[in-house]
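Structure first, then comments.
The values are calculated or read from the model by the stated rules, or taken from the named source; none is laboratory data. Everything numeric in this text was worked out from a predicted model, so none of it was measured. Because the Cβ atoms are built from the backbone with ideal geometry, glycine has one as well, and the counts that use them run over all protein chains shown. Accessible surface areas use protein heavy atoms only, side chains included; no ligands, DNA or RNA. Shrake-Rupley method; radii C 1.70, N 1.55, O 1.52, S 1.80 Å.
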Amino acid sequence: MALGSNHATITTAANFIAEQWSDEVIAAYKQKLVLGNLVTKVSFKGKKGDTLHLPVPARGDASAKAANTQVTIVADTAGVVDVAINKHFEYSKLYEDIAEMQALASMRKFYTDDGGYALAKRVDKDLHLLGAGFNAGSIAGATNLYETAVIGGDGSTAFSGATPGNGTALTDAGIRKVIQTLEDNDIDSSELKFVIPPVEANVLRGIARFTEQAFRGDGSALKTGMLGNLYGVEVFTSTNCPWIHVNSVTSTQSVTFSSTKPTGAAFADEFGLTVDWNTSSPTDTKYRACLMLHKDAMVLAEQQSIRTQSQYKQEYLGTLVTSDCVYGVKELRDYAAMAVIVPA
């Protein structure tokens, strides 16, 4: 008896197969995202276009009301921030049938987790790079990157990338000064977040008032190593804090997301700025960029959140699984965040 041609195959049931992959990747993505969860998020899903216009109103002033006079109309001074939706990243794996038959179930779990991790890291990296532009910072050239950032030791001295650089480790006084600077900018310190690299988490765990029972009540920080919050500012540790490589010959900087020394006569960093790391064999002095911020400092606009698709590829006798996302990032309020430069 002929059964016809409308069989339920792996190809026709691809949407059902993809459901489980998608759930796993989204879970990993949300778990690994650090800075992306601390900023303003705007959904652009289902919308056409490549630019999102966000109104940014300025604060108004109250006016004294005199008897027998009209009220004073507050002038509308709202500006606009244009967010380009220009970032599209993907993570793909092809699983041959024989590999899925013979491999442990943990293989798929690893790669789905790795897909979410890779996409989350890319989003966080793009947000971290905005840190160089806060407080009117410039990224026009490699000679003055992070010039409006401050050093960790006192929280007020401007970072200098001139050889060998002047970044210093975080101190109690330095953290308090950064908080004060943002408070002076009319930022509510109870809504601040502080993202630091692991090297500075280690420094903070060595400062008695941040860990010991005499200062922290139950001494939980000393028992667990978790820093929690400092002066009401919640602290997050992230390996995505940028690396700043200072060239000893040219006093220029290259910003990357790796501790590896840049190489080549025209090394292009994350900003697309080129530096000669070949001539005269320069040494590399490394720093990391921490970031203290309010959620309104920057925006993450997602036109497409994590999407996972799978397709059976008969010519390869395997299943192709791809996860991707489309988004844009932009600074919203220039005075609502500060980069803090520390030794690597």
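Hey, got the dipole for the chain? About the Cα centre, +1 on K and R Cβ, -1 on D and E Cβ, debye to the nearest 20?
300
Using the beta-carbon distance between residue 304 and residue 80 and R0 = 22 Å, what value does 1/(1 + (r/R0)^6) give for FRET efficiency, to the nearest 0.05?
For residue 304 and residue 80, the calculated efficiency is 0.40.
My understanding is that a pair violates if its Cα-Cα distance is over 30 Å; which of 193/286; 41/286; 41/65 do that in this structure?
From 193/286; 41/286; 41/65, over 30 Å: 41/286; 41/65.
Given a 1.4 Å probe, how much area per residue of the chain is accessible, in Å²?
52
Hey, if you drop one equal point scatterer on each alpha-carbon of the chain and run the Debye formula without solvent, what base-10 log of I(q)/I(0) do you get at q = 0.09, 0.16 Å⁻¹?
The calculated log intensity ratios at q = 0.09, 0.16 Å⁻¹ are -0.63, -1.35.
What spacing in nm lies between the two simple spin-label points modelled at residue 208 and residue 47, each 7 Å away from Cα in the Cβ direction?
The modelled label-to-label distance comes out at 5.3 nm.
If I compute solvent accessible area with a 1.4 Å probe over the protein chains, what percent of it on the chain is carbon and sulfur?
On the chain, the fraction of accessible area on carbon and sulfur atoms equals 52 percent.
Given the rule -39500 (n - 2.57) for each run of at least 4 DSSP H residues, summed and divided by the residues of the chain, what is its mean residue ellipticity at 222 nm, to the nearest 500 deg cm²/dmol?
Roughly -7000 deg cm²/dmol at 222 nm, from the helical runs in the chain.
At 4 °C and 1.567 mPa s, what whole-number value in µm²/s does Stokes-Einstein give for the translational diffusion of region 227-305, with Rh from the Kirkwood sum over Cα pairs?
87
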